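*Asks:* Before anything else, here's the structure in question.
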Amino acid sequence: MKIYRMKPMLAATFICAAAALSACGGKDEAPSESPQISSESPVETAQTEAPQENTETYPGTVEATDSEGNVSGNFGIMHAKVLGVQPDNDEGIDIYSLQDKNDAENMWSIPGNRIGSIEADMSEGSEVAVAFKGDMINDFENVKFIAVIPEGNYLISSVTGTTVVNVMSTFSIATDDGKEMTFLKDNCEIEEDAMTGDSGERISVYYAQAADGTNYPLAVYSAD
């Protein structure tokens, strides 16, 4: 199922503008005389400008690289309010309507099967944080929603180290600067050949760290 993004205020503005143009079109105006071009003046040719590429990115996103140094995409956090939950009985899933708190005109309709993991209350009126990978502004249909986590202040960072523990719900690494960090597994992206065993593997982790120290992984890459 598709992800939908709606901007109702923008649509309303467009409709009003169209109505105004239509009303103006009904007036009879005196025909204007065609401008005369002097043979002594050169005729200027209009220059067609090349379309400008939109390089705008969603606020707070971080560009990530994989084990070979290739850019693998942007990671970010969308802070949102749950507007409603609609069951889709045919698909057997819930569809969540979210309002982006960073842009109140931005409404999202996201099927539950397009969210990797839900770790927060998704009842109507709740406020949540949505960890994502992709381009929210220019390519929203291909955004990957990694996890819905409790609302809060998050810092997106990366760390490299060696796995100490790798079990079903969590994994821990000994970082290169001598610390140990534990992460909640939340269906994040894991590069092939990364974390195939229960310990002793070199990995890099992009993660969102909550103010209470909880670490939610966004992607795991092999660092061997």
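The values are calculated or read from the model by the stated rules, or taken from the named source; none is laboratory data. It should be emphasised that the depicted structure is a prediction, and the values quoted were computed from it without experimental measurement. Glycine gets a Cβ as well: all are built from the backbone with ideal geometry, and neighbour counts include every protein chain shown. When the accessible area is computed, the model is the full protein with side chains, heavy atoms only, and any ligands, DNA or RNA have been set aside. Shrake-Rupley method; radii C 1.70, N 1.55, O 1.52, S 1.80 Å.
*Asks:* Suppose accessible area is computed on protein heavy atoms with a 1.4 Å probe; arrange K185, K179 from highest to lowest.
*Replies:* K179, K185
*Asks:* Hey, for a label at D198 modelled as a point 7 Å past Cα toward Cβ, could you say which residues of the range 146-188 have their backbone N under 12 Å away?
*Replies:* It comes to 165-168, nothing else.
*Asks:* Could you tell me which of the pairs K133/K185; K101/K133; K144/K179 are separated by over 27 angstrom between their Cα atoms in the structure shown?
*Replies:* From the list (K133/K185; K101/K133; K144/K179), the Cα-Cα distance tops 27 Å for K144/K179.
*Asks:* What order do you get for 153-162, 213-222 when each peptide is scored by the mean count of other beta carbon atoms within 10 Å, highest first?
*Replies:* Averaged packing, sorted descending, gives the order 213-222, 153-162.
*Asks:* Leaving ligands, DNA and RNA out of it, work out the accessible area of E127 with a 1.4 Å probe and give it in Å² to the nearest 10.
*Replies:* Its heavy atoms expose roughly 100 Å² to the probe.
*Asks:* I'd like to compare 166-178, 200-212: which one has the highest average count of other Cβ atoms within 10 Å, and what's the full order after that?
*Replies:* Ranking the peptides 166-178, 200-212 by packing returns 200-212, 166-178.
*Asks:* Looking at the range 110-189 from every direction and averaging, what is the projected area of its Cα convex hull in nm²?
*Replies:* Values: hull surface 27.0 nm².
For the range 110-189, the mean projected area of the Cα convex hull comes to 6.8 nm².
*Asks:* The range 57-197: percent of C-alpha pairs farther apart than 22 Å?
*Replies:* Every Cα pair in the range 57-197 considered, those over 22 Å come to 45 percent.
*Asks:* Let me ask you something else. To the nearest Å, what is the center-to-center distance of the range 67-94 and the range 126-183, using C-alpha atoms only?
*Replies:* 13 Å
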